[in-house]
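Below is one structure, written out as structure tokens; the observations come after it.
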Amino acid sequence: MAIIDGKLISLQIQDEIALEVNAIKEKGGKVPHLAAVIVGNDGASETYVGAKVKACDKIGFKSTLVKLEENTTEQELLHIVEGLNKDADIDGYIVQLPLPKHINEQKIVEAIDPKKDVDGFHPQNVGRMALNLPAYLPATPYGIMQLLERYKIDTAGKNCVVIGRSHIVGSPMSILMARNTVPGNCTVTMCHSRTKNLKEFTLNADIVIVALGKPEFVTADMLKDGVVVIDVGITRVPSDQTKSGFKLLGDVKYDEVAAKASYITPVPGGVGPMTIASLLMNTLKASKKEIYL
Ligand code: GUN
């Protein structure tokens, strides 16, 4: 069994990007510039956005944080988005989700210029991804594809079961694994809350990607020997074994599943750290105009 070290790969990717930024600077080129918009005071969102901005600083990108009050109106946010679309210095930006309930998230996402949509959430990028055209891929699926690629995991012709159909993980993941690409070329089964006899599908899977948010949902009896397991879940649960009183659990019962798997992503330190690397890769692509010529 091999542990897929997402923390290590994320740092490697950040080092690779930092080298490229240095080369751009030496040539007197434009430094990639990411902006992040956050509305309100959600603690988790503030932590995520803080980590994204910090990663930009570390690798030499320019970053701009736009922090707005909880009571910002939809009109005001649309106005900010318009400004970011027009700002020639900003290569890409994200609007951190979730937004306060009085703001229509879909309306905001669709107002973002697809060319600057480094989250890959705009319908134009989702459609381009499905058509196997150049597109910004959403952070978590892009990160998982990088892990499979960098660990040289053979996916062609394999049975891949994706559990969960969210718009930001399960659904794009199922599309990416079925595309005629490397990694890819899987026979994909998308399972979800209405799936009957889930175990029948997972027992036939060579690769299982689970993004449900249900701690320790996938157990060893559901899997065959040598399975590749990608665990996207990360849930904080109370624990008397840690100083903080909490621990992080994935969607996979790690110890028993690891004993059966050929490759597995741990939680934490697997998929999670890759999301930052993905955002930085997308921002670099935006600044180099690699996706939309
Ligand atoms: N909220 C949780 N994950 C994400 C993400 O990848 N991008 C944005 N914009 N919001 C999020």
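Mind checking which lysines have their C-alpha under 24 Å from residue 253, skipping anything on the same chain fewer than 8 residues away? Once the sequence-local lysines are set aside, what remains near residue 253 is 7, 158, 196, 199, 214, 224, 243. Anisotropy class assigned to the chain is prolate, per the alpha carbon gyration tensor with a/c at or over the 1.5 cut-off and a/b larger than b/c.
For the chain, the longest principal axis of the C-alpha atoms and the axis of helix 139-150 are separated by about 60°.
Taking every C-alpha pair closer than 8 Å and separated by at least 6 residues, the mean separation divided by the residue count of the chain gives a relative contact order of 21 percent. Please state the shape class of segment 136-293: rounded when a/c is under 1.5, otherwise prolate if a/b exceeds b/c and oblate if not, all from the C-alpha gyration tensor. Judged from the Cα gyration tensor, segment 136-293 comes out oblate (a/c at least 1.5, b/c at or above a/b).
Among rounded, prolate and oblate, which fits segment 155-202 when a ≥ b ≥ c are the square roots of the eigenvalues of its C-alpha gyration tensor, a/c under 1.5 means rounded, and a/b larger than b/c means prolate? Oblate is the answer for segment 155-202, as a/c is 1.5 or above yet b/c matches or exceeds a/b. For segment 166-281, the dipole from Cβ point charges (+1 on Lys and Arg, -1 on Asp and Glu) about the Cα centre works out to 280 debye, to the nearest 20. If you take the Cα centroid of segment 175-191 and the Cα centroid of segment 124-160, the two points sit 8 Å apart. Checked against a 20 Å cut-off, the cross-linked pairs 52/107; 52/247; 115/288 give Cα-Cα distances beyond that limit for 52/107; 52/247.
Taking the Cα centre of segment 25-152 as origin and charging only Cβ (+1 Lys, Arg; -1 Asp, Glu), how large is the dipole, in debye to the nearest 20?
680
Considering only 39, 237, 218, give the residue with the highest GNM mean-square fluctuation for the chain, with springs between Cα atoms whenever their separation is below 10 Å. Highest fluctuation of the listed residues: 237. Put a dot 7 Å past the Cα of residue 197, heading toward its Cβ, do the same for residue 133, and the two dots end up 4.0 nm apart. Once the Cα-Cα distance is subtracted from the 0.36 nm per residue extended length, the residue 214 to residue 71 segment shows a gain of 48.3 nm.
Report the residues of segment 87-113 in range of a label on residue 79: point 7 Å along Cα→C-beta, backbone N strictly under 17 Å from it. 87, 103-104, 108, by backbone N distance to the label point. Could you work out how far helix 274-287 tilts from the main Cα principal axis of the chain, as a 0 to 90 degree angle to the nearest 10? It works out to around 40 degrees.
Taking every DSSP beta bridge that has both ends in the chain, the antiparallel portion is near 10%. Here the Gaussian network model covers the chain, with springs between Cα atoms less than 10 Å apart; of 166, 174, 63, 166 fluctuates the most. Note on the chain: GNM, Cα springs under 10 Å; of 213, 250, 83, the largest mean-square fluctuation is that of 83. To the nearest 10 degrees, how steeply does helix 43-59 sit against the main Cα axis of the chain, on a 0 to 90 scale? For 43-59 against the chain, the angle is about 70 degrees.
Segment residue 12..residue 289, full-extension length gain: 97.4 nm, with 0.36 nm per residue of separation and the alpha-carbon distance subtracted.
Under the convention that each Lys and Arg Cβ holds +1 and each Asp and Glu Cβ holds -1, the size of the dipole of the chain around its Cα centre is about 380 debye.
Absence of a disulfide-compatible partner, taken as no other cysteine beta carbon within less than 4.7 angstrom, is noted in the chain for 56, 191. Placing dummy labels 7 Å off each Cα toward the beta-carbon, the span from residue 167 to residue 41 is 2.9 nm.
Remark: spin-label model distance residue 246-residue 1 equals 2.6 nm, labels positioned 7 Å along the Cα→Cβ axis.
Here, each number is a calculation from the coordinates, and none is a lab measurement. In this text, all values refer to a predicted model and were calculated from it rather than measured experimentally. Glycine gets a Cβ as well: all are built from the backbone with ideal geometry, and neighbour counts include every protein chain shown.
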